[in-house]
Every structure is written in C-alpha cells, then in structure tokens.
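Report on the following structure.
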Amino acid sequence: MSKQKQDQKKVETCYMEEARQASSIFPHGELVPHEEPDFLLRTDRGTIGIEVTELCRKEPRAAGGKLAKVPNTAQKLYNQLANAEPVFVSVGFSAHAESIRFRELINSLVEFVHRNQNNKGSGFTRDLPKGYCHIGIFAPLEPLERCWHGAHAFETIVASKELLESCIAKKNKRVPVYRVPTPEVWLLIVNDQFLGPGEVYARPENLAEWKFVFDFEKVLLFSREPGGSGEVIELLQT
C-alpha cells in the first residue's frame, strides 16, 4: 500500500472511530480495515460493510491541497539561496490564491522572504506578492518550527440536496462490489466542520426532510465538529 493510501486509511479510521463514539447506531464489534468497502464491522449478528466518504466541494478542496504544498516547496528553494538566514515563515493565502499558478506562488514567496529575511519578528500585510494576505518572518524555534506554514482563506456554504445526491450516487454505483464480502453495507458520509477549503455545512433540519435514492442498508451523515465530536444522522430513503 502506498504512503498516500496509508495516510488516507488513517483518516478514514479516525472518522469511523469518532462516529462510533458519537452514536449508538453502530453495533459493538471488531472494526477491520478493508478495501471495498473501507471497513468490515464484525458483530455478534453478522458483518456490516461500511464505506466512508467526505462531503465537500471538490474544486476548492483540490485547490487547498495545492496551496498546502507551497510553503514547504518554497522553504526548500529558499534554503538553497546564498546567504539565506534561518527563518520560520507563516503565510496567509488570499481567497483568490487558487487562481495563481503554483510556481508563481512559490517563487514570489521565496523572493519576498529573502528580501526581508533580516526583519525577523515582523508580520507583513502590505505590498505582498499576489495570492497572499499575510506573510510572517520569524527566528525559528527548534524543534517546533522546522517547516514553514500556510493557511488559506475560505468560506463555508450550506450543503444543497443536489450535492448530497451526487455524493451518494457516486458510491451507490459500487454497492454490488461492496456486497461481495458481506450482504449488508452502510455508507458513512463525513461532513467535517473543520475541513478548510471546500467545507460545507449540512443543516440538520434539511436532513430531517430530504429523501434520497440509494441501495445501501443505511446511509449515515456524521456532522463532525472540531475535536472529533459531533452527531450521526441517518438519511431517509425514497
């Protein structure tokens, strides 16, 4: 298994364990990592297959992933420059940073930090490169601040029924595959309230009224709050 898949499985396992703690709808049993579906929950009455997915807007989420790579890449290039002072850099991306080319964001950050490396302890908010709303340059405090850090401005919108329908439909196509190891299969949709770019909010009052088409035995939405707590809501079937 690749490192990326291993990291993804760790995230999914965290979501599953938090959802189980948040709701008694999940029976007691051994949770076993699997491929399709993501988990097998072995209980006294049988095995339940559980597929896990996230509810989010894909394009802002993908842009956020791209921006997350900028600080670390810029740090590596900066460290290769002549006379580069050791610094810790914290940046804030503007809401329109995703429209700027990846390489331009990196090069402009490197140039700005190198030009201002002697102004340690400063937080800059004016005359910044395009795509940034804040750049802080500080003396590094080893070992806590080894890597440069970035945060992205974003907005949270209310999840529409269409977004949920699309999320369910993509997984519903795979139900026959999910049923190979076990006849009973659930879908767990994680609505993370601290996801960052691409974040949406599913209103409980809407979920109580909306009905969806699916072939899973249960479709659950885990409204995950910061820290891992939250509420698990069972979605209604048409």
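No lab work stands behind these numbers, since they all come straight from the coordinates. Note that the coordinates shown come from a computational prediction; the quantities given were computed from them, not determined experimentally. Note that we place each Cβ from the backbone using ideal geometry, even for glycine, and neighbour counts take in every protein chain shown.
Computed from the alpha carbon atoms alone, the convex hull of the stretch 14-59 holds 88 Å³ per residue. The stretch between residue 193 and residue 134 holds 18.8 nm of extra length on full extension. This uses 0.36 nm per residue minus the Cα-Cα distance. Distance distribution P(r), the chain, all Cα-Cα pairs, bin width 10 angstrom from 0: 7, 26, 26, 19, 15, 6, 1 percent. The residues neighbouring residue 193, those whose beta-carbon lies less than 13 Å from its own, together hold a net charge of -4 under the Lys/Arg +1, Asp/Glu -1 convention.
Listed by chain and number, the lysines whose C-alpha is less than 27 Å from the C-alpha of residue 171, apart from same-chain residues fewer than 8 away, are 3, 5, 9, 10, 58, 66, 161, 211, 218. Between residue 76 and residue 124, the C-beta separation translates, for a Förster distance of 25 Å, into a calculated FRET efficiency of about 0.70.
Given in Å, the Rg to one decimal and the Dmax to the nearest whole number for the Cα atoms of the stretch 174-221 are 13.6, 36. Extension gain, residue 90 to residue 43: 0.36 nm times the residue separation minus the Cα-Cα distance gives 12.2 nm.
Once you divide the Cα radius of gyration of the stretch 59-152 by 2.2 N^0.38 Å, the number left is 1.01.
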